[in-house]
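Below you'll find the structure, written out as structure tokens, and then a few comments.
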Amino acid sequence: MQTATMRAPMLQPTMATTDTRTSVGHLLQRAYTLPCSTAAQAFTQLVQPTSRFQLALDALLPVLDARVELEQRILVSYILFSLYTPHPISINPFKSALYATFVNERDAAVRIAAGGGVSENEQLVWVLWKILKGDGNDLGPYSPNTLARSALPPKLRPSNLTLDEETIAPARSELQDTSILTDQTNTATPTPSQPSHEPKVTAQEDDQNEKVSRAMALLLAGRTRTLTLSEQRLVTSFIPELVSPPVVTSVDLPPLIAHNATLAHPLMAALLSLCPPQGSAMYLDVLRRLPPTLPSLDLLGRLLRDTTPMTDVVTGGRTTLADVVRSEVLGGFLHEAIEWVGNREAEEKDGLINDDRVAISVQNVRVGSCQILPSPLTSRQLCRFYHSLIKLAIVDPGSEADSAEMMHFSLRFSRYEEANSLYRVLAAGHF
């Protein structure tokens with residue numbers, strides 16, 4: 001009886017540890033779409049404070065260098081960093097392991113790039129670089145999926161990512177302290193993880209790379225919030241680097257435009273003018289399918305006056321961004337907007353919409369206006385927008401191809417002053 005009594009308490013911690021490891025394993029397999037900070041918080045809730053370091057050693061550290069999915073390695077890197085976020089990265093006990101992985105993966109990526117290829121782990125190298133630079137908190141809002149599929153600007157490719165000596169030296173000493181080699185001549189010999197041919201990056205280039213990295217993080221953040229003016233200026237100054245290759249995808253653009261229409265203008269201009277014709281066609285389709293909101297209207301107004309030169313996606317000749325948007329986007333966007341207003345009106349009649357979103361009047365809508373209001377695009381807003389296009393000679397009121405659909409639309413909603421005024425202008429042009 002005494003023996004049984006003594007053994008029972010010994011079994012309980014073992015079972016708890018097994019259950020915890022199982023839960024952490026499930027977390028690593030299923031948390032790819034969650035923000036890194038959320039996944040890290042889930043880890044701390046699953047594991048008792050006294051067990052976190054040992055469990056990180058047993059369950060997380062092996063994944064760091066394992067040949068598993070890139071998203072899982074990124075998530076593990078962030079969790080190892082986040083466990084000690086109240087303190088500087090220099091005293092994080094996992095820093096030496098993070099640094100060793102950074103060096104190994106960077107050197108491997110550089111070798112692949114020298115042979116004309118692209119390493120599948122380049123995003124992991126960038127994530128580790130951010131962490132070791134002390135900027136790991138910037139990664140928190142983004143999911144491992146997002147970080148793994150975000151294209152890197154050329155300046156953030158592995159060959160350009162280095163750490164200054166003050167950051168590297170502690171990591172090297174930690175690696176040497178854990179080595180089983182005691183011979184001083186052997187420890188002084190360069191190891192494969194410290195190649196002598198490593199490219200030298202000046203302090204100015206390193207500062208530039210850090211700013212590009214910051215701009216990329218802000219651009220991704222712009223999908224979920226409105227950036228401040230200073231943040232928008234930083235992103236705008238690095239747009240050429242952020243679109244070659246593009247950091248954001250066609251899926252990212254609608255929410256980015258909804259939150260930051262002013263920033264979206266130079267970004268879309270760069271995407272359309274710098275990308276090859278097939279890429280430009282994809283971004284033009286994004287513009288045609290934008291939801292009919294005031295930010296969309298604002299962006300189109302700016303693009304329709306933009307004289308940036310670009311390649312015509314149809315003929316391959318030289319044209320301007322305004323001409324391409326005018327010929328390839330405007331008609332499709334207006335058609336979709338008219339359908340949207342019609343659908344909202346039908347929902348209003350059926351009692352599915354309680355407010356007067358179709359009839360509401362917004363008096364300050366102008367082409368190219370930086371004003372972004374939260375109310376949806378309405379019949380009156382659309383008529384005022386099209387009337388502005390006529391005044392700026394962007395569309396021809398006498399052209400059947402240009403204005404037939406808007407003429408029918410303005411007649412349909414002629415009970416509103418803006419629609420009535422537009423119909424009179426269009427009718428005068430036709431008759």
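The Kirkwood radius of the range 56-140, taken over pairs of alpha-carbon atoms, gives through the Stokes-Einstein law at 10 °C and 1.306 mPa s a diffusion coefficient of 122 µm² s⁻¹. Put a dot 7 Å past the Cα of D19, heading toward its Cβ, do the same for V118, and the two dots end up 4.6 nm apart. Within the assembled protein chains, the solvent-accessible surface assigned to R384 is about 70 Å², based on a 1.4 Å probe. Rolling a 1.4 Å probe over the heavy atoms of the protein chains gives the range 22-163 an accessible area of 41 Å² per residue. Average 1/r across all pairs of distinct alpha carbons in the range 53-103, invert it, and you get the Kirkwood radius: 11.1 Å. Between T50 and R111, the distance separating the two model label sites (each 7 Å from Cα on the Cα→Cβ line) works out to 4.5 nm. Full extension of the chain between T228 and K391 gives 55.4 nm of extra length, using 0.36 nm per residue less the Cα-Cα distance.
Within the accessible surface of the range 204-320, defined with a 1.4 Å probe on protein heavy atoms only, the carbon and sulfur portion equals 57 percent. Other residues lying with their Cβ under 14 Å from the Cβ of M310 contribute a combined charge of -2, Lys and Arg counting +1, Asp and Glu -1. Cross-link partners of K130 among lysines, defined as those whose alpha carbon lies under 27 angstrom from its own and excluding same-chain residues fewer than eight positions apart: K95, K155, K200, K211. Computed in the context of the full set of protein chains, the accessible area of the range 43-154 at 1.4 Å probe radius has 52% of its extent on carbon or sulfur. Note on V251 and H408: with the Förster distance fixed at 30 Å, the Cβ-Cβ geometry gives a FRET efficiency of about 0.35.
Spin-label pair A151-Q29: with each label point 7 Å from Cα along the Cα-Cβ axis, the two points sit 3.4 nm from one another.
Pairwise Cα separations in the range 204-320 fall into 5 Å bins from 0 onward with the following percentages, short to long: 2, 12, 22, 24, 20, 12, 6, 2, 0. Here the range 20-162 is treated as a Stokes sphere of Kirkwood radius computed over C-alpha pairs; at 10 °C and 1.306 mPa s its diffusion coefficient rounds to 105 µm²/s.
The values are calculated or read from the model by the stated rules, or taken from the named source; none is laboratory data. Predicted model, so just to flag it, every value in this text is computed and none were measured. Positions of Cβ are backbone-derived with ideal geometry, glycine not excepted, and every protein chain shown enters the neighbour counts. Just the protein is used for accessible areas: all its heavy atoms, side chains included, with ligands, DNA and RNA removed. Shrake-Rupley method; radii C 1.70, N 1.55, O 1.52, S 1.80 Å.
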